[in-house]
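Working notes, beginning with the structure itself.
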Amino acid sequence: MTLALALEQLLNGLQLGVMLFLMAAGLTLIFGVMGLINLAHGSLYMVGAFACAAVAAATGSFWIGLVASLIAAAAAGALVELLVIRRLYDRDHLDQVLATFALILIFSEGTRWLFGSFPLYLDIPPILGGAVMLPGGLQYPVYRLAIIAAGALVAFGLYVLISRTRLGMRIRAGESDREMIGALGVDIRTLYTVVFALGAALAGLAGAMVGALQSVQVGMGEPVLILAFVVIVIGGIGSIKGALFGALLVGVTDTMGRFLLPQLLALFVPPAQAGMIGGAAASMLIYIVMALILAVKPRGLFPAAHA
Amino acid sequence: MISRENLINLILAALLLAVPLAAYASGEQFYITLATRIAILALAATGLNLALGLGGLVSFGHAAFFGIGGYAAGILATHGFSGDPLLLGLSGTNQMPVIWLVAVLAASFVGLVIGAISLRTSGVYFIMITLAFAQMVYYFAISWPAYGGEDGLSILVRNQFAGINTMRPLNFFLICYVTLLVALGLFSLIRGSRFGSALQAARQNEVRVATVGIAPFRIRLTAFAISAGITGLAGALFADLNRFVSPSMLSWHMSGELIVLIILGGVGRLFGPVAGAMLYVIFEYALGGVTERWQFFLGLILLGVVLFARGGLLGLLAGRAKHG
Amino acid sequence: MVEVMADPVLEISGLVKSFGALRATDGVSLDLRPGEIHALIGPNGAGKSTLIHQICGTLRQDAGTIRFAGQDIGGLSVAERARFGLGRTFQVSSLAPEFSALRNVMLAVQAREGSSFRFFKPVMWDASLIDTAMAMLERVSLAERARVPAGELSHGERRQLEIAMALALQAKAFLLDEPMAGMGPEGSKSLTRFLDVLRHEAPILLVEHDMDAVFALADRISVLVYGRIIATGTVEEIRRDPAVRTAYLGDHA
């Protein structure tokens, strides 16, 4: 094991963490403001990826595709909010889970209908192609670094949005007191649609960026969704800060676990077995971390005041 | 005087028995398999109904117990077939009663562990955490190559039950059907018992239950473990039905489907899971015959039920649930 | 009358609870002796709810002790305190709304018997459980409504049901949180008569806004203002107390 290899894995972990943050931020915002659990958030991630891949293929430009992914995901989010989600705010969590589960079925099959069952591929834009030399002689893809930078930028943007703008003030008011925000004269229905669309756009952005690393296919959002759940359970539901911290923790723990555990075990048992046991253990690692954190802090590391 | 709901329950039970008998008489083996599938899914959902319907515990992780039951059957049968010892010198088996016992105990034990952590929380946390733990079991099954990993595990010959030829579809159906009836009986007893009172009261008003001196956590954890055991038993039967176990039994879609069954049928109703499983399998079969995009329409139907018909089929037919 | 020499059933001393900078409970000490009704009064926001939450265990105190029936219960859970015999009713009625009145009381009976881990015997065939519960409903004059779901009972009936449940626990002390609230004059009068009898079963810590009821029932009154007890005494002593008059009773007295 060289240091360069470890650095590479650490960066991969950061990149995964950034993706998870984009997903978890939307989920936690939607829960914090509207009290809604949205299983279909992974579908919006998929919508972003498909929109980006399809538009990039048609126009030849990744960047137009990226813009399209934001628009498509936000539009899909707003539409779903108007048609379905707003009927669920007063319902119990069971109804929310079922209705959004139904939305997953509709989104997944609908996408198959439109695009067929074969995966789409999305090329990395030329300007972000290639690799840079990192200390230790490591070649690391520019695109992955760009994702980390984009994620950091979005995190900063969200911070500014929530702490410095009128919209952010309304969001914070909505989180702390749903009745007060009505009294402030804010049109709460519009606010909810905007917050939902914003969360959807973040998920769509994540889907589009990852689409260039993996194949774009139906069902791609679901594993990410469940990891995002782990993230916000760890971070504390409703907390953006918790989502950021949890996302980086999960991203790095998962990636480093898969890298380190088999090597660690190889010190004690034959390599073939070490790979098998280490791999299986690594796949469970973040869930074990989640369980340990919950054992100490049942409401996550940064519990929101009201949740 | 029999209540309207009980009458409907009787009709549903009779229908589920009559269809495969008629199919047997007319040589349509396929419908027997369909009915067996209904019985097993209903059994799995009956387990979940105990936690979700009576206890209000929205577990999005019951696929874990279903899959653990399935793997218990698959692993025991594999060792029973090859003669390789399992662990601690114990051997495998192809006897269903032993397999069922192991499936129930294993699923209940994991249910106890998952429940002990998850039940410290409530609401959305509980939903997400049960989902996450089930996903953990799923990834473990995928990355552990000894029992097939991603490819799953085949059961070459269906396991044995008391000298009955289980390879004949009708015989196997009857085994599943009787098991389902026993589980429904158990559910009904528990619902009416002191334990059931405490469990249902904890759903309606947790603070009240604590204030009379009953700790809701212990009640819920016990219910969760029993619930997991029943769903695990269904998993073992499902493995024998397909003679195949794979990680898909553990997938979160499976957890979602089990909740959907209960909602379609009627939450907390004795025959809710049966009605739901019938509807679900019939949708799957009827819609699946017309379009390969049947899940799209299932999604629409489900959305309609959640938004506009919350009592499910039994709510529609038998009116609101009654308590003593 | 008050048996002054008897050991108190409930004894709270030096209780402190803060929320951030706010001291909601600021060194509260009070006790409840056998046979008495001890009323706790105070203006809104005085910290009555916070105090009750600490006594029954939904909030944990920052400092101070709570002794009940000779035991330190300050570290126990809500359910454990209830099993020790602390019978509580709620300011806002808190019942299992889908269950009938009878089944609500049956739940309290089975809780007292410690028999919630019985899985098979149907409660609706359990004569001893039903009879005991019915007896409690009769005592609060709710027997005719036994089969009505708690959620469909009138406000006053729900209050009666709450008391029936506290009775079923065979409590060693009752903690009644504004039982008169929303009762109407007739209901208040009959409830007042009922509480006067109930005190012989177990002493009552009565949190109440209805001053007529308090003055009619209480052996002693404690006045809570800004988290502190500013006076404790008999009805007459409290009526005369200048601090109480300025701080609280004011135009009432």
Magnitude of the Cβ-charge dipole of chain A, K/R +1 and D/E -1, about the Cα centre, nearest 20 debye? 420 debye
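Tell me the Kirkwood hydrodynamic radius of segment C:86-170 in angstroms, computed as one over the mean inverse distance between distinct C-alpha pairs.
Working: mean 1/r = 0.0792 Å⁻¹.
That comes to 12.6 Å for segment C:86-170.
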Here FRET efficiency (C-beta to C-beta, C:Ser154 to C:Asp196, R₀ 25 Å, nearest 0.05) is 0.65
Label-point gap, in nm, between B:Ala25 and B:Leu87 - each point 7 angstrom along Cα→Cβ: 5.0 nm
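In chain B, which whole DSSP H runs stretch at least 24 Å along their own axis (Cα) and average -0.5 or higher on the Kyte-Doolittle scale? If you can, show how the numbers build up before the last one.
Numbers: long enough: B:4-25 (31 Å, 1.49); B:29-49 (30 Å, 1.20); B:62-82 (30 Å, 0.90); B:96-118 (31 Å, 2.30); B:123-143 (31 Å, 1.62); B:169-192 (34 Å, 1.81); B:216-242 (39 Å, 1.00); B:272-290 (27 Å, 1.34).
Within chain B the helices that satisfy the rule are B:4-25, B:29-49, B:62-82, B:96-118, B:123-143, B:169-192, B:216-242, B:272-290.
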Please report, to one decimal in angstroms, the Kirkwood hydrodynamic radius of segment B:4-318 built from all distinct Cα-Cα pairs. 19.8 Å
So if I take the centroid of the Cα atoms in segment C:70-84 and the same for segment B:1-59, what is the distance between those two points in Å? 46 Å
Rounded to the nearest 10, the angle in degrees between the Cα long axis of helix A:3-34 and the longest principal axis of the Cα atoms of chain A comes to 10 degrees
Using a Förster radius of 41 Å, what is the FRET efficiency between A:Ala131 and B:Val113 based on their Cβ-Cβ separation? Nearest 0.05, please. 0.40
Efficiency of FRET between B:Ser248 and C:Glu236 - r from beta-carbon atoms, R0 60 angstrom, step 0.05: 0.15
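Within segment C:194-232, report the chymotrypsin sites (Phe, Trp or Tyr not before Pro) that DSSP leaves as loop and that have at most 11 other Cβ atoms within 10 Å. Mind showing how you got there, number by number?
Working: sites: C:Phe194, C:Phe215, C:Tyr226; in loops: C:Tyr226.
Of the chymotrypsin sites (Phe, Trp or Tyr not before Pro), not one in the loops of segment C:194-232 has a Cβ with at most 11 other Cβ atoms within 10 Å.
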For segment A:203-210, Karplus couplings with θ = phi - 60° (6.51, -1.76, 1.60), whole Hz, Gly/Pro x: 5, x, 4, 4, x, 5, 5, 6
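Tell me, what is the percent relative contact order of segment C:86-170, built from C-alpha pairs under 8 Å that lie six or more residues apart?
That works out to 50 percent.
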Positive dipole terminus of segment B:4-318, leading residue within B:Ile114, B:Ser154, B:Gly235 (C-beta point charges): B:Ile114
Calculate how steeply helix A:142-164 sits against the longest principal axis of the alpha-carbon atoms of chain A, using the helix alpha-carbon long axis, and give the answer as 0 to 90 degrees to the nearest 10. 30 degrees
Modelling each spin label as a point 7 Å along the Cα-to-Cβ direction, I'd like the C:His209/C:Ala21 distance in nm, to one decimal. 2.9 nm
In whole Hz, what ³J(HN,Hα) sequence does segment B:149-165 give by Karplus (6.51, -1.76, 1.60; θ = phi - 60°), x for Gly and Pro? x, 5, 7, x, 9, 8, 9, 5, 10, 4, 5, 9, 9, 6, x, 7, 6
Which part of segment C:106-126 falls in the paramagnetic zone of C:Arg147, meaning amide N under 16 Å from the point 7 Å along Cα-to-beta-carbon? C:124-126
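For the protein assembly as shown, what does -39500 (n - 2.57) per DSSP helix run (n ≥ 4), summed and divided by total residues, give at 222 nm, in deg cm²/dmol to the nearest 500?
So the helix-based figure for the protein assembly as shown works out to -20500 deg cm²/dmol.
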With no solvent and one equal point scatterer placed on each C-alpha of chain C, evaluate the Debye formula and give log10 I(q)/I(0) for q = 0.10, 0.13 Å⁻¹, two decimals. -0.49, -0.83
Angle check, please: helix C:155-168 long axis (alpha carbons) against the longest principal axis of chain C (alpha carbons), in degrees 0 to 90, nearest 10. 80 degrees
Projected label distance in nm at A:Ala149 and C:Gln71, using a 7 Å step from Cα toward the beta-carbon: 6.6 nm
5 Å is the cut-off here: which amide hydrogens, built 1.01 Å from N in the peptide plane, fall below it relative to C:Ile37, excluding neighbours closer than 5 in sequence? C:Ile204, C:Asp219, C:Arg220
Taking the Cα centroid of segment A:5-21 and of segment C:127-185, what is the distance between the two, rounded to the nearest whole Å? 61 Å
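So how many Å³ per residue does the convex hull of the Cα atoms of segment A:22-80 work out to?
Working: hull volume 4.2 nm³, N = 59.
Residue-normalised Cα hull volume stands at 71 Å³.
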If you count, for every residue in B:18-24, the Cβ atoms of partner chains within 10 Å of its Cβ, what is the mean? 0
What's the magnitude of the charge dipole for chain C around its Cα centre, counting Lys and Arg as +1 and Asp and Glu as -1 at the beta-carbon? Answer in Debye, nearest 20. 500 debye
Taking chain A and dividing mean pair separation by its residue count, relative contact order in percent (alpha carbons under 8 Å, at least six apart): 34 percent
19 Å cut-off, amide nitrogen to a point 7 angstrom out along A:Ile71 Cα→Cβ, residues in segment A:16-57: A:44-57
Rounded to whole Å and sorted largest first, what semi-axes of the equivalent ellipsoid does the C-alpha gyration tensor of the protein assembly as shown yield via the square root of 5 times each eigenvalue? 51, 37, 26
Considering only C-alpha atoms, what is the centroid distance from segment B:176-209 to segment C:15-29, in Å? 42 Å
Could you work out, for segment A:3-218, what percent of all Cα-Cα pairs fall into each 5 Å distance bin, beginning at 0 Å and stopping at the bin that holds the largest distance? 1, 7, 13, 18, 17, 15, 12, 8, 5, 2, 1, 0, 0
Residues whose placed amide H lies under 5 Å from that of C:Ala173, excluding near-sequence neighbours: C:Gly87
Taking placed amide H atoms and a strict 5 Å upper bound, the residues 5 or more places from A:Phe302 or on another chain that come that close are A:Gly236
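At a threshold of 8 angstrom on Cα-Cα distance, excluding pairs fewer than six apart, so keeping six or more, what relative contact order does chain B reach in percent? Display every interim value, and only then the final one.
Values: 523 pairs, mean separation 102.8, N = 324.
Averaging sequence separation for qualifying contacts and normalising by length gives 32 percent for chain B.
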Residue order, fewest to most beta carbons within 10 Å, for A:Val55, A:Val132: A:Val132, A:Val55
What is the magnitude of the charge dipole of the protein assembly as shown about its Cα centre, with +1 placed on the Cβ of each Lys and Arg, -1 on the Cβ of each Asp and Glu, and no other charges, expressed in debye to the nearest 20? 220 debye
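Normalized C-alpha radius of gyration of segment C:1-126, against 2.2 N^0.38 Å? Intermediate results must be reported in sequence, preceding the final value.
Working: Rg = 17.3 Å, N = 126, 2.2 N^0.38 = 13.8 Å.
Rg over 2.2 N^0.38 Å, computed on Cα atoms: 1.25.
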P(r) for segment C:169-236, please, calculated from all Cα pair distances in 5 Å bins and given in %. 3, 15, 26, 26, 17, 10, 2
Where a ≥ b ≥ c are the square roots of the eigenvalues of the C-alpha gyration tensor, would you call segment B:1-107 rounded, which needs a/c under 1.5, or, failing that, prolate if a/b is larger than b/c, or oblate? oblate
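Nearest 5 percent is fine: what portion of the DSSP beta bridges confined to the protein assembly as shown is antiparallel?
Details: 30 of 47 bridges.
Counting only bridges with both partners in the protein assembly as shown, antiparallel ones make up about 65 percent.
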In this structure, among C:Lys48/C:Lys172; C:Lys17/C:Lys172; A:Lys297/C:Lys121; A:Lys297/C:Lys48; C:Lys121/C:Lys189, pairs with alpha-carbon gaps over 32 Å are A:Lys297/C:Lys121; C:Lys121/C:Lys189
Listed residues A:Thr111, A:Thr190, A:Thr100; largest mean-square fluctuation, Gaussian network over chain A with Cα springs below 10 Å, found at A:Thr190
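No value in this document is a laboratory result; all are computed from the given coordinates. Bear in mind that the values here come from a model prediction, so they are computed numbers and not experimental data. All Cβ positions, glycine included, derive from the backbone under ideal geometry; neighbour counts span all protein chains shown.
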